Amino acid sequence: MDLESLSYRNSIKKESWKTVLTLAYQSLGVVYGDLSTSPLYVYKSTFAEDIQHSETNEEIFGVLSFVFWTLTLIPLVKYVFIVLLADDNGEGGTFALYSLLCRHARVSLLPNTQLADEDLTEYTKDGVVANDKRAVGSSLKSVLEKHRGLQRILLVLALIGTCMVIGDGVLTPALSVFSAVSGMELSMSKEQHRYVEVPVACIILIFLFALQHYGTHRVGFLFAPVVMTWLLCISAIGIYNIIHWNPHVYEALSPYYMFKFLKKTQRGGWMSLGGILLCITGSEAMYADLGHFSQLSIKIAFTFLVYPSLILAYMGQAAYLSKHHTLESDYRIGFYVSVPEKIRWPVLVIAILQAVVGSQAVITGTFSIIKQCSALSCFPKVKIVHTSSKIHGQIYIPDINWTLMLLCLAITVGFRDTKRMGNASGLAVITVMLVTTCLMSLVMVLCWHKSVVLAICFLFFFGSIEALYFSASLIKFLEGAWVPIALSFIFLIVMYAWHYGTIKKYEFDVQNKVSINWLLGLGPTLGIVRVRGIGLIHTELVSGIPAIFSHFVTNLPAFHQVVVFLCIKSVPVPHVRPAERFLVGRVGPKEYRLYRCIARYGYRDIQKDDMEFEQDLVCSIAEFIRSDTSKCGSELNNLEDDAKMTVVGTSASKLEGVRMCEDDLDSCQTEGTSEVMEFKSPEKVRKRVSFVVPDSPEIDLNAKEELQELMEAREAGMAFIMGHSYVRAKRGSSWIKKVVINYGYDFLRRNSRGPTYALSIPHASTLEVGMIYNV
């Protein structure tokens, strides 16, 4: 799904019930794959060691009561009825909450922000109000804006939640597949099972990750039917067990059984909460995957199908176990023992398919969140492959995919049991939920302008529940819970080192940018020969002249007749509309032929890396020249700050405006155009370039001359000029800063990917100049 179809996706959210129900059905395979897998391992992990199943049934009924109220309070009440309302123009997830906060209070640490970004449609779409000293939470807002340390804490909090999501991307596939495969234990001896379970799980995991580069759209149509079949299967088995074994099991839903459970088991019961916690694994996906569906469709799917199916499944298992106290071995308390023997093998097959679907959703979510981190300068640039031209957001990141696979295999081979895998996964899940609760309380005050008391009540109520589960998971540190902490710590170091180095590099660029007076002193020729062609200079600056330009002018005998300072930046919104993609302005007087072009992308946008971007770039400059009404000459007003920038859309977004045609002029004769400006070179050329100009307004002679020069330059070709930076900590810096910059950031920079649009430019047209940054 491209950006133009994004508006269609948003519009269908307001259409008929048929559309809503279709979205609800489709959401089963994407959103609820992980959550629906949890009955496979919840009871098995809970009764693994800390508590024992006894004749009184107080333990099993207490666990059922905890499961019921946890599923009711966290996914149903917190996420369905509260958190889903905090969407960022239809998008959800940890970065959506952070993005909302950045727009309502100036807490963003992105280096190249501009006031012009606040004029974006999606920036103000959710009803951002003007600053009001009397508004609720204005004091909190001013405190956050004044203290940079609090802004860093807010960023680190968002990054911790993100890192735990990535850690869950390692743990969930291993836990889900291993738990599904463990169903074979009832059909063979324990000795045989020991040598079969791990190899089969590893083979399935390798197969799963090997298929990622094909994209989920090829098999995605199977996801919803698999999850639907699984939910109907476990609910039917649950109903059968309730009726056949213990029709009065519903009494255990009373909170009184939680009290009896904790009173009897005490410390063991508290430690077993780490296993009960797994019943809400995957709940965060309801919010994280909000952008692909609608709030109503996700609410309907969970409330009317997923939630009752899971409750029936857990009640059925409890009903069976309440009548079976003498088990042959401890591992037989799992899911499959409650499945009637005649249908055990078909259920095993469905469970394995369900585990694959749930794992696929988590892996895809990991790819998506790493892309968001990279867009917001919190993760090194990595190769991103778009696996579908029709479905928005389906991406594949090779480096991350194989890293996840190796880590998954290591977890599976190293742990070999659901107990330690469950401990690890539980800590990752509850940490993400705690981060969401903290950020959500800030959103209530700063974005929704609700009472501070209400936000504190939300934080205290849900935070205390999650803190209880967090403490129970953290106590299992040596029994597997160290894994998500270690993984998150590594990813957090990588993210913060990259973010810190990026900010320091930008600050160096700002401090060392060239004065406009230096440029004016050179004259229109810049003191060198101007040759045909477009010189595309990549810079992170949104204003001023980068220091690297002075290196070119000083050391090169000739330079291009048209120079474009190109900045590709991310803004704290999920999507930037194509009609608002570019900001174009001049650097210096008109006759210098120096332009600045800022391409803006949201954190979920797809950055083009093909020739289409190059064409959009040239067209945006041509449209700026046509619509520029400033006086010709050397007027110096606002030159220093590049204050006059024009918003220009992409070629596809403009019904009227300058359009560029190459080679075939006849194909460009469209209705509503008055003239075709064509330049033909006397010598052999590689391309014939023309601009199709609208009827009105009439452009003057100087603009026509400027457009003709741009055509000549485009026809001659485009060269990509980039600074190859060597960032070093300056003398006198602390040893921590030296380690982070000289080793951490430098290693990440050397192994990261360059700007995507540079990849389509031939190597011979690329010029790199080394520069040392002492930050």
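The values are calculated or read from the model by the stated rules, or taken from the named source; none is laboratory data. None of the values given here were measured: they were computed from a predicted structure. Because the Cβ atoms are built from the backbone with ideal geometry, glycine has one as well, and the counts that use them run over all protein chains shown. Each accessible area value is taken on the protein alone, full model and side chains, heavy atoms only, with ligands, DNA and RNA left out. Shrake-Rupley method; radii C 1.70, N 1.55, O 1.52, S 1.80 Å.
Points to keep in mind about this one:
- Ranked by how many other beta carbons lie within 10 Å on average, peptides 361-373, 496-508 from highest: 361-373, 496-508
- Between amide H atoms placed 1.01 Å from N, distances below 5 Å from residue 726 occur with 771, 772, 773, all of them 5 or more places distant or on a separate chain.
- Net charge of the neighbourhood of residue 395, taken over other residues with C-beta under 11 Å away and scored Lys/Arg +1, Asp/Glu -1, is +3.
- Using θ = phi - 60° and Karplus 6.51 cos²θ - 1.76 cosθ + 1.60, couplings along the stretch 404-415 (whole Hz; Gly, Pro as x): 4, 5, 4, 5, 4, 5, 5, 5, 5, 6, x, 8
- Tail weight of P(r) past 25 Å, computed on alpha-carbon pairs of the stretch 490-632, percent: 36
- Taking every alpha-carbon pair within the stretch 196-322, the share separated by more than 26 Å comes to 43 percent.
- Sorting the segments 515-528, 252-265, 311-324 by their mean number of nearby beta carbons within 10 angstrom, highest to lowest, gives 311-324, 252-265, 515-528.
- Taking the convex hull of the alpha carbon positions in the stretch 550-596 and averaging its projected area over all directions gives 4.8 nm².
- Heavy-atom surface of the stretch 250-373, accessible at 1.4 Å and reported per residue (Å²): 36
- Over every Cα atom in the stretch 445-494, the radius of gyration and the widest Cα-Cα span, Dmax, amount to 15.8, 43 Å.
- Other residues whose C-beta falls under 12 angstrom from the C-beta of residue 285 contribute a net charge of -4, scoring Lys and Arg +1 and Asp and Glu -1.
- Subtracting the Cα-Cα distance of residue 114 and residue 324 from their residue separation scaled by 0.36 nm leaves 69.0 nm.
- Relative to its Kirkwood radius, the Cα radius of gyration of the stretch 250-330 gives an Rg/Rh of 1.07.
- 29 Å Cα-Cα threshold exceeded, pairs from 371/504; 419/737; 146/590; 299/450; 141/569; 323/419: 419/737; 146/590
- Ordering of 594-606, 29-41 by burial proxy (mean other Cβ atoms within 10 Å per residue, highest first): 29-41, 594-606
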